[in-house]
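*Asks:* Structure provided below as structure tokens; questions to follow.
The values are calculated or read from the model by the stated rules, or taken from the named source; none is laboratory data. Fair warning: this is a prediction, and the values are worked out from it, not measured in the lab. For neighbour counting, all protein chains shown are included, and Cβ atoms are generated from backbone atoms with ideal geometry for every residue, glycine included.
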Amino acid sequence: MGLKERLKTDLTEAIRSRDEITSGTIRMILTAITMEEVSGKESRELADAEVITVLSREAKKRREAAEAFDAGGRTDKATLERAEGEIIAKYLPEQLSDAQLNEMIKAAIAETGASGPSGMGLVMKIIAPKIAGKADGGVVSAAVKAALA
């Protein structure tokens, strides 16, 4: 069963159990996936890796919205955004620990022979496919920059 099919099944279960936050969140995710499928010149079915990319983007939106609501004093909205983010996180691969991420960065630096800030693009090119959906891109970028400094 693919990730999209799992989402549809979970949506049906959430609707039956009258879980409004879960059903609403999964509906938003499925809408984002559909929008991605029909964007471009012709519609296509997304592979699970592409669905994970969409999920990562949606999770990031929820994190940023929660931070913005906290800054604006709207803790009720921030709590809702965090709850949606937790639901999305259930469908993402397990996140990499800092130690695992640092090991991957060291291996990528050794593989490319990169040194200094100019080698960041080479390292990111190698590491990006390996960490897709498993770590936030901003965190990875900062860690690579620190390792090359």
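*Asks:* Limited to region 26-42, what total is found for residues that are within 17 Å of the chain's Cα centre (by Cα) and among the small types (Gly, Ala, Ser)?
*Replies:* Selection size over region 26-42: 1.
*Asks:* Continuing with this model, one more query. Could you run through region 87-114 and say how many residues are over 20 Å from VAL140 (Cα atoms) and surrounded by 14 or more Cβ atoms within 10 Å (Cβ to Cβ)?
*Replies:* Number satisfying all stated conditions: 3.
*Asks:* Can you tell me how many residues in region 33-60 are more than 20 Å from PRO129 (Cα to Cα) and of a type in the set (A, V, I, L, M, F, W, C)?
*Replies:* Final tally of qualifying residues: 2.
*Asks:* Checking the condition assigned by TED's automatic domain parsing to the domain that holds ALA14, surrounded by fewer than 17 Cβ atoms within 10 Å (Cβ to Cβ) and over 29 Å from THR9 (Cβ atoms), which residue from THR75, THR53, THR79 passes?
*Replies:* THR75
*Asks:* In region 25-44, which residues are closer than 14 Å to ILE88 by Cβ and in contact with an Asp or Glu (Cβ under 8 Å, 6 or more places away or on another chain)?
*Replies:* THR25, ILE26, MET28, ILE29, ALA32
*Asks:* Please return the ranges of helices (runs of 4 or more DSSP H) entirely within region 41-126 where 3 or more residues are in contact with a Leu (Cβ under 7 Å, 6 or more places away or on another chain) and of a type in the set (A, V, I, L, M, F, W, C).
*Replies:* Filter on region 41-126 gives 48-71.
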